[in-house]
Amino acid sequence: MNPAALIVALLVAVALAVALGVALGWAASRIEPDSDSLVERIDALLPQTQCGQCLYPGCRPYAAAIASGEADIDRCPPGGDATVRALAALLDRAPRPVDPAFGAPKPAQVAWIDEEKCIGCARCLPACPVDAIIGASRHMHTVIAAQCTGCELCLPPCPVDCIELRPATATSLRYRQSRAA
Amino acid sequence: MAVRSTFPAGLALDAHKQQACGAPIIELPQPPRVALALDQGSGYSAEPVVAVGATVAIGTLVARANHPYASALHSPLAGTVAAIETRDAATEGGRSVCIVIESDGSGRIDHRVRQAEGAASLSPDELIQWLRDAGIAGLGGAGFPTATKLAAGRARGTQTLVLNGAECEPWICSDDALMRSAADEVVLGAILLRRAAGAERCVIAIEDDKPAAIAAVTHAIERQRNAAQGDHDQRDDELTLAVVPAVYPQGAERQLITTVAGIEIRSGSLPADAGVICQNVATAAAVARWATRGEPILSRVVTVTGSGVEHPCNVRAPIGTPLSALIAAAGGYRGTPLRLIAGGSMTGRALPSDEVGVTKAMNCVLVATREDIGSRLGAVEMPCIRCGDCANVCPVGLLPQQLHRAAVADAHDSLRELGVRDCIDCGLCDYVCPSQIPLADRFRDARRRLNEADAMAARAADARQRHETRTHRLLEAAAAEQQAFESVRNRVRQSGDDPAGGTG
């Protein structure tokens, strides 16, 4: 065994480690981590109800908050346990039930306006996050069922409580199919 | 012309057809009342155009098709509309809104029912419109509107029209009986359908276990050629007969096309994309009845069979006739029937009662006793032993074993990759499974969940798009407002600099 060869080998290994470490450190500081695509991937798993029950103004801001570590994954009642499971799988965390502080999961629902009672105040129109209510001032409004996410945001502004949420039926899905056909 | 089957696997099953096949078709008298289900089997409902109490005659339009997958309905009775209500029906889920019509016994015929003059000289588009108005739908078991299929074929350019007379499923022989008794109608319908589809050739495919039907259709084709001798326009040399092997599921649309036209229809595409349209022989006969008598679909041939009836037979029954009348025509119940099945023993659907009405899609009523289906009733599902028999019989070339694991785990990506959507529901995997696993049911259920998940995803994508558009619009509005505010402020400031403008 030649001691010189041993030392040379050690030196080469140390030099390589230092060089690679410096290169990686430089790369980490210069190249932006791909956080946008993580936000996109989280956003894709959220139900897009845009209801704000997570206390963020929509699904994408919540996705950004999850990506940055600001919010936990258990804040989405419309998505329910299925969404938490999907998020947990994506982010490699332990799944857990939805935090009841943010609301209880419920079956899919669709807003419905009692057109007899509607006074045409138009206050629900700006409240709808997906522009699914049509109508004009002093004209009765109606909800496009196929586009309603059931977020309930139209309920508080209504001065006559003429909006109610009904269970979503296959009809709205059917409408979509017939449009595609 | 005999051809070999070219789709993978399949299985020769016990046909059980001799029971009903021998006798001629019994014409059922008009029942005192009919229940017309708005969904005639395609899964899409027609829209009623009559109110309760309205007077209708034979052939009066009672529901129109407001969807390309629904078919128009005509009254098979003269009488009054007694009710429009949800009741048991031979459709998916066992319930459908039905139009109930009570007969007044007069037998009046609607004035619109008359011979379609010069059906032979109509243009293809006119023909398609006529077929739509006549409510003609796939009588082979799917109930899909013929006009919609033909229009899709014309839009994509059709070379071959395949007329499906294979009738591969055990117990069913309504098409066989029809071809033997009314082969001329089938041939006339074939010629009209070929023109409507704009197809270059038409092949009538019949399984080799139906020699009488093959002979009848061969003679009908010859008669047609002789009758049209000299009259070049009417002569149809492009109409041929193909004798195909009796292997289940030979009569499944894609499998039959593979056998007859020698092409495999790609997953996710329609036969029409490959230039082929498939129609049932009974549909062709219905087209001929419309052309010669102006009759929309008012009746169809139904096989009433199984060990649970006295004399299995084929009957021509008005649409909406309660099944009890069909069973009475077959001599009534015998023994202890366990199940009433619409369709054959492989793909049929259990019915809620014998009061449901005949639908356009109903080719057979199987009154099954323990003798017929006992082996599967009360069968205990055992774990999969990985024998691979299911993969050996699958006519689509799927791997039911793997699919089953994915279906139980509800793993949507695997289900998609393994092709659960290409499953044709033939039930062969189920049939051969030594562990008695209800594979076809599992796959049907998995497909439903997959479709629901996809629909949800589509809704979510739409909601995201709309939300983004709205957010963008609000931001722009806010920016515009800010800009307007700034410009006013600048103006005020400028005028403030002006000594004449006031104190500033």
Taking 8 Å as the Cα distance limit and 6 or more residues as the minimum spacing, I'd like the relative contact order of segment B:139-218 as a percentage.
42 percent
Compute, for segment A:106-157, the length of the dipole vector about the Cα centre, with Cβ point charges of +1 (Lys, Arg) and -1 (Asp, Glu) only. Units Debye, rounded to 20.
100 debye
Ellipticity estimate at 222 nm from DSSP helix runs (n ≥ 4, -39,500 (n - 2.57)) divided over chain B, nearest 500
-11500 deg cm²/dmol
If you add up the charges near A:Cys158, with Lys and Arg at +1 and Asp and Glu at -1, over every other residue whose beta carbon is less than 12 angstrom from its beta carbon, what do you get?
-2
How big is the charge dipole of the protein assembly as shown about its Cα centre, in debye rounded to the nearest 20, if each Lys and Arg gets +1 on its Cβ and each Asp and Glu gets -1 on its Cβ?
200 debye
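Let me have the relative contact order for segment A:1-157, percent, based on Cα pairs under 8 Å that are six or more residues apart.
Relative contact order of segment A:1-157: 16 percent.
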Modelled label-to-label distance, A:Val12 and B:Ala2, 7 Å Cα→beta-carbon offset: nm?
7.6 nm
Show me, for segment B:368-380, the HN-Hα J-couplings you get by feeding each phi into the Karplus relation (A = 6.51, B = -1.76, C = 1.60, θ = phi - 60°), rounded to Hz, glycine and proline as x.
9, 10, 4, 4, 7, 10, x, 5, 9, 6, x, 5, 8
To the nearest 10 degrees, how steeply does helix B:146-156 sit against the main Cα axis of chain B, on a 0 to 90 scale?
60 degrees
Once amide H atoms are built 1.01 Å from N in the peptide plane, which residues 5 or more positions from B:Arg95, or in another chain, come under 5 Å H to H?
B:Ala89
Test of understanding: ordering B:Val49, B:Val380, B:Val393, A:Val8 by Cβ neighbours within 10 Å, fewest first, what list do you get?
B:Val380, A:Val8, B:Val49, B:Val393
Given labels modelled 7 Å from the Cα in the Cβ direction, how far is it in nm from B:Asp14 to A:Arg30?
7.8 nm
What is the local net charge at B:Ser353, summed over the other residues whose Cβ is closer than 10 Å to its Cβ (Lys, Arg +1; Asp, Glu -1)?
-2
Calculated FRET efficiency for the pair B:Arg156/B:Ala409, C-beta based, R₀ 45 Å, to 0.05:
0.75
Cα-centred dipole magnitude for chain B, charges only on beta-carbon of K, R (+1) and D, E (-1), debye, nearest 20:
420 debye
Nearest 0.05, what FRET efficiency do B:His311 and B:Arg114 give at R0 = 41 Å with Cβ-Cβ as r?
0.65
From the phi of every residue in segment B:389-406, what ³J(HN,Hα) in whole Hz does the Karplus formula 6.51 cos²θ - 1.76 cosθ + 1.60 yield, where θ is phi - 60° and glycine or proline is x?
4, 4, 5, 6, 9, 4, x, 9, x, 8, 10, x, 4, 5, 4, 5, 4, 5
Give the cross-link partners of A:Lys117 among the aspartates and glutamates, using a straight C-alpha distance below 19 Å as the criterion and excluding same-chain residues fewer than 8 apart.
A:Glu152, A:Asp161, A:Glu164
Among the trypsin sites (Lys or Arg not before Pro) in segment B:249-322, which ones are in a DSSP loop with at most 12 other Cβ atoms within 10 Å of the Cβ? Mind listing them?
B:Arg266
Under the Karplus relation with 6.51, -1.76 and 1.60 and θ = phi - 60°, whole-Hz ³J(HN,Hα) for segment B:129-139, x at Gly and Pro, equal 5, 4, 5, 5, 5, 7, x, 6, 9, x, 8
Which distance in nm do the two modelled labels at A:Leu90 and B:Asp454 give, with both placed 7 Å along the Cα-to-Cβ direction?
2.2 nm
For B:Ile58, enumerate residues with amide H under 5 Å from its amide H, sequence gap 5+ or separate chain, H modeled in the peptide plane.
B:Ala78, B:Arg108, B:Ile109, B:Asp110
Which residues qualify? For B:Leu239, with a placed amide H closer than 5 Å and at least 5 residues away or on another chain, they are B:Cys202
For segment B:398-504, averaging the sequence separation of alpha carbon pairs under 8 Å that lie six or more residues apart and dividing by its residue count, the contact order in percent is 18 percent
Sum of side-chain charges, B:Glu185 neighbourhood, beta-carbon under 11 Å (Lys, Arg +1; Asp, Glu -1)
+1
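Since every read-out is calculated from the coordinates, none of them should be taken as a lab result. None of these values were measured; they are calculated from a predicted model. Note that we place each Cβ from the backbone using ideal geometry, even for glycine, and neighbour counts take in every protein chain shown.
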